[in-house]
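Okay, so here's the structure we're looking at.
The values are calculated or read from the model by the stated rules, or taken from the named source; none is laboratory data. Given the structure is predicted, the values throughout are model-derived calculations rather than measurements. We place every Cβ from the backbone using ideal geometry, glycine too, and count neighbours over all the protein chains shown. For the accessible areas, the whole protein counts, side chains as well, though only heavy atoms, and no ligand, DNA or RNA atoms are used. Shrake-Rupley method; radii C 1.70, N 1.55, O 1.52, S 1.80 Å.
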Amino acid sequence: MDIDDILREVDPTFDSIPQDTRDLQALTRAWMAERSSPELLDWPADGFFERINERIKQQIEKVEEMTGDMDPKTNFALIVIQTELERYKYLVRSYLRSRIAKIDKHTLHYLSRPELRARLSPPELAYATRHQALLHNHYLSSFLSSFPPPLQNLNDTAGNISMIDAPDLDTAVFIRLLRDTLVEGRGTDADGEMDGKNGDIVILRWSDAKKLVDSGFAEIV
């Protein structure tokens with residue numbers, strides 16, 4: 001169950017909202033979630049970004065067509081379209097930059113297991129693979145080549161200590177509950193739980209909030 005299914009249950013008029021508007025709302029939620037979560041989230045499926053890119057392309061073509069026919073300073077409709085276009089472009093750029101920053105910081109982590117690689121889009125996976133290859137070659141030419149071969153790996157787990165730096169899943173995040181549910185959290189001194197109500201804003205460790213977000217019971221804010 002994804003966020004659209006939850007919203008459809010909460011708001012029966014959801015299906016009457018135009019697809020472009022729903023996509024903009026979904027892009028905004030994805031942007032907020034990606035910026036707030038400590039780890040890389042799944043890449044949107046179902047051709048979501050293809051629709052967003054096509055929408056941006058259509059808006060650019062429309063702006064160019066209207067600019068050629070009228071004076072932009074006196075065309076209020078053109079100003080509105082340009083404003084919407086810049087909003088789309090800002091959200092897409094910020095969303096992708098947030099993802100690239102996480103990939104740069106924990107490249108080996110996201111390449112280490114198939115389920116983590118599945119979170120990346122094909123271009124992101126190609127970027128991460130190339131980025132790690134360049135980084136490893138740089139380390140080899142700088143200092144790793146002087147080490148014995150067994151010590152040249154960057155993903156060694158000898159002594160049950162992993163060299164792979166992973167995101168801190170205990171980072172605090174804010175979530176909004178989308179339905180009534182039990183909220184469980186781990187504290188420094190003791191664990192706790194509460195009966196959460198639809199619309200409540202809760203702060204939790206990401207490791208505790210993740211299962212609520214993945215199950216559609218909450219969204220990151």
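A quick yes/no check of all residues on (1) closer than 21 Å to residue 119 by Cβ; (2) touching a strand residue (DSSP E or B) at 6+ places or on another chain (Cβ under 8 Å); (3) modelled with pLDDT of 90 or more:
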residue	(1), (2), (3)
159	no, no, no
166	yes, no, no
171	yes, yes, yes
176	no, yes, yes
184	no, yes, yes
188	no, no, no
209	yes, yes, yes
212	yes, yes, yes
220	yes, yes, yes
> Only one residue in 110, 139 is closer than 27 Å to residue 170 by Cβ and in contact (Cβ under 8 Å) with a residue 12 or more places away in the chain. Which one?
Replying inline: 110
>> Filter the range 32-67 down to the residues that are closer than 23 Å to residue 102 by Cβ and either more than 19 Å from the chain's Cα centre (by Cα) or open to solvent by 50 Å² or more (accessible area, probe 1.4 Å) (or both) and list them by number.
In response: 32, 35, 42, 43, 45, 46, 50, 53
> Considering only the range 116-134, how many residues are more than 26 Å from residue 29 (Cβ to Cβ) and surrounded by 13 or more Cβ atoms within 10 Å (Cβ to Cβ)?
Replying inline: 3
> Restricting the range 22-31 to residues that are touching a residue at least 60 places away in the same chain (Cβ under 8 Å) and over 17 Å from residue 210 (Cβ atoms), which is surrounded by the fewest Cβ atoms within 10 Å (Cβ to Cβ)?
Replying inline: 28
>> So, in the range 96-115, how many residues would count as being open to solvent by 60 Å² or more (accessible area, probe 1.4 Å) and either closer than 15 Å to residue 164 by Cα or in a loop (DSSP other than H, G, I, E, B) (or both)?
In response: 3
> Before we move on, is residue 200 under 24 Å from residue 39 (Cβ atoms) and modelled with pLDDT of 90 or more?
Replying inline: yes
>> Under 6 Å between Cβ atoms, which residue pairs at least 6 apart in sequence (or on different chains) link something in the range 32-53 that is closer than 15 Å to residue 169 by Cβ with a partner that is among the polar types (S, T, N, Q) and open to solvent by 20 Å² or more (accessible area, probe 1.4 Å)?
In response: 38/171
>> Need pairs with beta-carbon distance below 6 Å; first residue touching a residue at least 60 places away in the same chain (Cβ under 8 Å) and within the range 189-206, second of a type outside the set (Val, Ile, Thr); sequence gap 6+ or separate chains.
In response: 198/177; 198/179; 198/180; 206/38; 206/169
> Out of the residues in the range 170-221 that are of a type in the set (Lys, Arg) and in a strand (DSSP E or B), which is farthest from residue 26 (Cα to Cα)?
Replying inline: 205
